[in-house]
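Here the structure comes first, spelled out in structure tokens, and everything after it is commentary.
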Amino acid sequence: MKPTARPGPAALWTVLCLVLGLTVAGAGIGEAQPGAVRYTIVGFSTSSDRDMDVYESTDGSAFRSVRDAAFRPPSGLIRDPSIFRHSDGQYYVAYTTGGGANIGFARSSNRVDWTPMGNYPVPLCCAFLPGTGDGTGSAGPPGLTGSAGSSDGPSLSPFTTKAWAPEWFVDGDRVNLILSMSTGGGFVPYLMTALDPSLTQWSFPLPIAGLGADRIDTTVVKAGAVYHAFTKNETNKVLEHAIAPTLAGPYTFVPPGDWGALVEGPAVVQLPNGHWRIYFDAYTEGKYFYSDSADGLLTWSPRQEVQGLSGTVRHFGVLTEPV
């Protein structure tokens, strides 16, 4: 799948931000007041993708274990978990089961004792969706490869075959999931919205406009009126940054941070001082890093290792909440 063209000059990025209403003073990112915050991380380890470990931190850079193997699903894997706290006070995780087009769910009252909610079969969709490939690489030009084949041709399957890396995104009173879905080739970001407070019924998945194909591990944060998507380009194995006026897009790519190659699993949170932090998994190095933005997601600091997690945890989800 081909990388989507993006505006390169920093000046265009600034203009886009102004047009969409993102300024450091006016977008609301400076409204957060410093205070006591607890960071909770859930992830699978380098030694097991059948168990979810739980860590916490008070500063977001050095973590300690709360409980190893806090949750093991009745069957399947628990990869790429994402965590949020619902309006009912319960914590919920969604995760990759490894069992085709199914997303796993579990809930907890204390972050360490988890009750499985079962797997949700993502509805069949995406017949002949452009850009998902055929899984063999035969539909595109020679030498063009992605996560699972060519990025150019339509899928040869009318069904969703994979639903991976679910990410929670709460927008007002709406609870959403961002999914990486495939019908046999590379992945495409999709959006589903919960239809009931119990999170057991979901809308039909819709493609997120503007991000394009061969994108996986997509996560979104909102700063003021602007939605920021961070996603892995599976062809180039780098993280990309895009902005949009709505959650569903259309997104426009903007300059990302200098986060390196062969990285995945972005997770983005706002710090108590209003700055932003992105965590990501340098999976071939066996290390976990973070990088900060002090100017409203415009520029990013050099990456630093996450103390207590680097080399131990893979693709994790992070939750911040006051304590």
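The values are calculated or read from the model by the stated rules, or taken from the named source; none is laboratory data. Keep in mind it's a predicted model, so treat the numbers as computed, not measured. Just so you know, the surface numbers come from the protein's heavy atoms only, side chains and all, with ligands and any DNA or RNA stripped out. Shrake-Rupley method; radii C 1.70, N 1.55, O 1.52, S 1.80 Å.
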*asked:* Please list, ordered by chain and number, the residues whose modelled amide H lies under 5 Å from the amide H of T183; skip anything fewer than 5 residues away on the same chain.
replied: T161
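Once you have a ≥ b ≥ c as the square roots of the Cα gyration tensor eigenvalues for the stretch 197-253, tell me rounded if a/c is under 1.5, and otherwise prolate or oblate according to whether a/b is larger than b/c.
Values: a/c = 1.95, a/b = 1.33, b/c = 1.47.
Oblate is the answer for the stretch 197-253, as a/c is 1.5 or above yet b/c matches or exceeds a/b.
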*In order through the stretch 79-91: 3J(HN,Hα) via Karplus (6.51 cos²θ - 1.76 cosθ + 1.60), integer Hz, x for Gly, Pro*: 9, 6, x, 10, 10, 8, 10, 7, 5, 7, x, 8, 8
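Length gain on complete extension for the stretch F204 to T246, per 0.36 nm per residue less the alpha carbon to alpha carbon distance?
Values: separation 42, 0.36 × 42 = 15.12 nm, distance 1.79 nm.
Taking 0.36 nm per residue and subtracting the Cα distance, the gain is 13.3 nm.
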*Given H placed 1.01 Å from N in the peptide plane, which residues other than close sequence neighbours of V175 have an amide H under 5 Å from its amide H?*
A194
*Heads up, I need the accessible area for T252: 1.4 angstrom probe, whole protein in place, Å², nearest 10.*
50 Å²
*For the stretch 315-323, in order, what is each residue's ³J(HN,Hα) by Karplus, 6.51 cos²θ - 1.76 cosθ + 1.60 with θ = phi - 60°, in whole Hz (x at glycine and Pro)?*
2, 10, x, 10, 10, 10, 7, x, 10
_Nonlocal amide H pairs with G224, under 5 Å, H built at 1.01 Å_ = I29
*From the square roots a ≥ b ≥ c of the eigenvalues of the alpha-carbon gyration tensor of the stretch 208-323, which class results: rounded (a/c under 1.5), prolate (a/b over b/c), or oblate?*
oblate
